[in-house]
Amino acid sequence: MRLIGMLDSPYVRRVAVSLELLGIPFEHEAVSVFSTFEKFKNINPVVKAPSLVCGDGEVLMESSLILQFIETTIASGRSLWPANPVELQHEFRALSLALVACDKSIQIVYERNLRPKAAQYEPWMVRVTGQLLAAYEALEYEVQDRQASFSVSHSHATIAAAIAWQFTQSMLGSIVLASDHPGLTSLSSRLEQTPEFRKYPPVGPGV
């Protein structure tokens, strides 16, 4: 299998780290949707990162669907989801918040860096920024309220939360303040020191 995309994408990095934790062998190809658009297009005409090229050549997209496919088909019973239904509900809640935080961070970065200044729409930026801050406020509560779950082991929620936080801090640290989110700051700092996170650092050309 081949994982296509740059590791400065939180979605690509989420898949890479999760596959490593699941013990799934794969090749990572650092292809950018921006600087190497045509190369990416030759692999996947949709030019969507992450893209997972399966053994038969079929291409899968979207980080959550890629990981669901892996755990369902080839992970041999290994899973990053908790077995307890109540814990699973909490996990879905925290993961959804982390993914929303990623989405809103990327929307702001794209608006700032790709759209001409004269064409940027300030009410839209205010709205998206409010959504971003709300997502992180709720995610910080999850981390603080469920300290045992977030401190003991890797899971889909902990991985996504840590990676989302690192990405947002690297791009929008003046908007989402670390001082307001001690739980996420601690979680990110801890996981960034683990072998799986260090193997796939958030490097890339950016937007």
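Scoring Leu187 on the criteria (1) under 23 Å from Phe34 (Cα atoms); (2) assigned by TED's automatic domain parsing to the domain that holds Leu95; (3) not hydroxyl-bearing (Ser, Thr, Tyr) leaves a single failure, condition (1). Residue under question is Arg115, and the condition is that it be of a type in the set (Lys, Arg) and within 23 Å of Ala162 (Cβ to Cβ); does it hold? No; evaluated as a whole, the condition is false for this residue. Elements of the type helices (runs of 4 or more DSSP H) sitting completely within the stretch 100-194 and holding at least 3 residues that are of a type in the set (D, E, K, R): these cover 122-145. None of Arg112, Arg93, Arg127 is within 19 Å of the chain's Cα centre (by Cα) and in the same structural domain as Ile175 (by TED's automatic domain parsing) except Arg93.
From the list Leu99, Leu67, the one residue that fits, being assigned by TED's automatic domain parsing to the domain that holds Ala160 and in contact with a helix residue (DSSP H, G or I) (Cβ under 9 Å, 6 or more places away or on another chain), is Leu99. Considering the stretch 1-28, and only residues there that are under 15 Å from Met61 (Cα atoms) and among the charged types (D, E, K, R), the residue that is surrounded by the fewest Cβ atoms within 10 Å (Cβ to Cβ) turns out to be Arg2.
Selection within the stretch 43-87: residues that are closer than 30 Å to Arg146 by Cβ and charged (D, E, K, R). The member of this set that is surrounded by the fewest Cβ atoms within 10 Å (Cβ to Cβ) is Arg78. Among the residues of the stretch 147-155, is there at least one that is closer than 28 Å to Leu65 by Cα and either touching a strand residue (DSSP E or B) at 6+ places or on another chain (Cβ under 9 Å) or of a type in the set (Phe, Trp, Tyr) (or both)? For the stretch 147-155, residues closer than 28 Å to Leu65 by Cα and either touching a strand residue (DSSP E or B) at 6+ places or on another chain (Cβ under 9 Å) or of a type in the set (Phe, Trp, Tyr) (or both): present.
Here Trp124 clears all of (1) of a type in the set (Phe, Trp, Tyr); (2) without any contact (Cβ under 8 Å) to a residue 40 or more places away in the chain; (3) under 21 Å from Leu184 (Cα atoms) except the condition numbered (3). Of all residues in the stretch 26-42, none satisfies being at pLDDT 95 or above, closer than 26 Å to Ser151 by Cα and touching a Pro at 6+ places or on another chain (Cβ under 6 Å).
Of all residues in the stretch 11-24, those being part of a loop (DSSP other than H, G, I, E, B) and touching a Pro at 6+ places or on another chain (Cβ under 6 Å) number 0.
Screening the stretch 25-92 for strands (runs of 3 or more DSSP E) wholly inside it with 2 or more residues that are charged (D, E, K, R) returns the ranges 27-29.
The values are calculated or read from the model by the stated rules, or taken from the named source; none is laboratory data. Here the structure is a predicted model, which means the values were calculated and not measured. Neighbour counts are summed over all protein chains in view; Cβ atoms, including those assigned to glycine, are modelled from backbone coordinates with ideal geometry.
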